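Structure, as structure tokens:
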């Protein structure tokens, strides 16, 4: 049995922690008019998150060499360790927009800073949507002006903001937890978006994580914990490494992937530093949970996905090997299509493993399926040889909407985990776009 | 205008060169019975290729760490430089079949050797089909016994063999050329199969080509040229590097990828060695053509493919960078689905480039589209910025069943080329398989 959690899950998301408010509006960022992709429901497309006091801040960003203007702007600001507000839009990624893109991203933060009466350099900015189109700044600035007076800490506003950042997502993605540090109650809440172009490989330093390649996913986390900014960045590094950087929908890394966390200290706990062992461990555990829940929600809402699959590699020569092996399986087009067909085609899994950069010895590989959370492993292969388990028995497991795949390389102690989904016709149908309506085509 | 070819294209394929014969039979390698995937038309599933005299031989094999039994058997034999016959089956890949698989592959060569009266060690073997199922040796051996007496050099037999090796292919793939070396007429002919699990990364030495990752594709080339075996292997290395190793359908490298060439010397030309400059150049040019034609036929017949796209990267820092960039674009799920939708979504192309291992500077990138063979480039991007070319103009090019994409990185002299196709719903539908009929599920 897992140990009882050191935190409890609560309602709410980015306004669960004290001192945070949010609001969202529709300001027609796609400039739609009458196209088929038009936002008839006027879904909100711009959100603001605000902390009533300055917060320590940390960020993780795409390691794509083609990174969007907001990424360029934010990375420098979180590196300084402080922020007080975030502005986010959907509908336009502000990527591949050159110098104008950076000016526009800065203008967004300037507008928010002026309206809130805070230093614009403490305002962060994120965008998601079509690549290669400059921002409709008149609409954006009107949206910001309209959003600021609506800031509120109610859960309704948080839900609305979680919807405002959606692009191809079919549902908002939110989570919040609380736990105690000493006598103080600390809360961490978050929201994220992402469904396609999902294989984040984020870093806080610009150095690409060894095992990671590629999404647009945006994640926003708020907490009222008091924590030093350098410690917060390290906690975020750890949290993202075991969550957002372990998911893949389609193997495509985005130009815009970003996770931001603001910690405003209003919980009144003793400030967490690298030296606060017990408190740090509790905070890390809670942050890990929040990021993992959010990351898994992205995979479960993957474009066209019908299955949620956890790929666990055990006994690799190194941890990097284990992660590379898990990633190769999770990204294999033939593996993913077979899962869509509920087909336990482990030959394709071996094919993906064999083609990966992970060292392996075919004759040493064990391969097993399991239902989620179950300790019962059903072995398809032992030492590279098919077991007596029948095709029908394996089919029964793979027919579930969720299952786990365990690969034992039996070469060392390296482990790797990836959360992924199947590849369906709907993914293709969705992403082929509609050339009669350029605005319908997501980045 | 391209220079006139130093060779001419002729009818026929693997029996175009003197002294080669082939035959094929149906021997029910899938052991079908009544399943939906049953081979109702009794499509041939076993072929033999035979040279009436011993031939120099060369081979290129998958660099997957999980390689099929026939690959293990063949690699050692072509390394010795001589062969006289090849036996090939479809319906079963003889991969992930352990020690029994190797014994079965050897037994196939022994049966052919005995029936033909040649040393079994000069018989090569290839398999393609489902992974993880041991070979139905009774059927296979009956098939071999039936095929040998049918060996003939007519073009009908060659066509039938080209069909016998097909799995998910919708059509046979054959080509032949002839040219003169001195007064002697030399012929090279070939056939191949492959439609899915296509991204070969083959090597003659086991060292994975730097830029290559991953297919099942099988290619068989016969020539009556007299050429030393070491020289033949080098020629094949060059030819595969610019053909089979530059294609991708789905980014999946197979456990079975193999290209074999037999050269029996019956043309009577002066034996080609590393020192025979002019003759070597002519032979290489013809072999390059044969392999490129065959490789492109695989992409054109890619599972569910509706488009043939040539991705050319120019001005990369290094050749490896250029190839990595071309490969990243050619394998991008979002890029491929956009092509299926006839959508010139160059933002996704930049996304794929940015996530690749290729060094690039966004502000230096030019990106252009062209119709096949046309010198007219239509630029979507110059120096990282959208041009005034309209979306509709780009749509017109991408709506063609074939087009070229040119990426200019403007950083150096590295070049890279990949031949690829789009990703359609039909690919997914085909590969999701049918779990009610395991035999329908290709490897």
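FYI, it's all coordinate maths here, none of it is from the lab. This one's a predicted model, so the numbers in the text were calculated from it and none came from an experiment. Neighbour counts run over all protein chains shown; Cβ positions are idealised from the backbone, glycine included.
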With -39,500 (n - 2.57) per DSSP H segment of 4 or more residues and division by the full residue count of chain B, the 222 nm estimate, nearest 500 deg cm²/dmol, is -9500 deg cm²/dmol
Per residue of B:359-369, other chain Cβ atoms within 10 Å number on average 2
per DSSP, antiparallel bridges as share of beta bridges in region B:8-300, % nearest 5, sits at 75
For residue A:364, inter-copy label-point distances (7 Å, Cα→Cβ), nm, shortest first, read 4.2
From fewest to most C-beta neighbours within 10 Å, the residues A:254, A:8, B:276 line up as A:8, B:276, A:254
One decimal, nm, nearest first: from residue A:156 to the same residue in each other copy, label points 7 Å out along Cα→Cβ, the values are 8.2
Expressed as a whole number, the average count of other chain Cβ atoms within 10 Å around the Cβ atoms of A:184-197 is 1
Short to long, in 20 Å steps from zero, the percent of alpha-carbon pairs of the protein assembly as shown per bin is 15, 44, 30, 10, 1
One checks the Cα atoms of region B:308-423 and finds Rg and Dmax, in Å, of 12.5, 34
Here the FRET efficiency for residue B:230 versus residue B:185, based on Cβ atoms and R0 = 25 Å and rounded to 0.05, is 0.55
In this structure, the FRET efficiency calculated for residue B:377 and residue A:320 from their beta-carbon separation, with R0 = 45 Å, to the nearest 0.05, is 0.65
Per residue of A:422-430, other chain Cβ atoms within 10 Å number on average 6
For region A:308-423, percent of DSSP beta bridges that are antiparallel (nearest 5) comes out at 70
Of the convex hull enclosing the alpha-carbon atoms of chain B, the direction-averaged projected area in nm² is 20.4
The protein assembly as shown: antiparallel bridges as % of DSSP beta bridges, rounded to 5, reads 70
Relative contact order as a percentage, region B:1-151, C-alpha pairs under 8 Å and 6+ apart, gives 27
From fewest to most C-beta neighbours within 10 Å, the residues B:128, B:167 line up as B:167, B:128
Ranked on Cβ counts within 10 Å of their own Cβ, fewest leading, B:192, A:395 go A:395, B:192
For the rotation taking chain B to chain A, the chain B residue with the nearest C-beta to the axis, plus the distance in whole Å, reads B:425, 2
One decimal, nm, nearest first: from residue B:415 to the same residue in each other copy, label points 7 Å out along Cα→Cβ, the values are 5.0
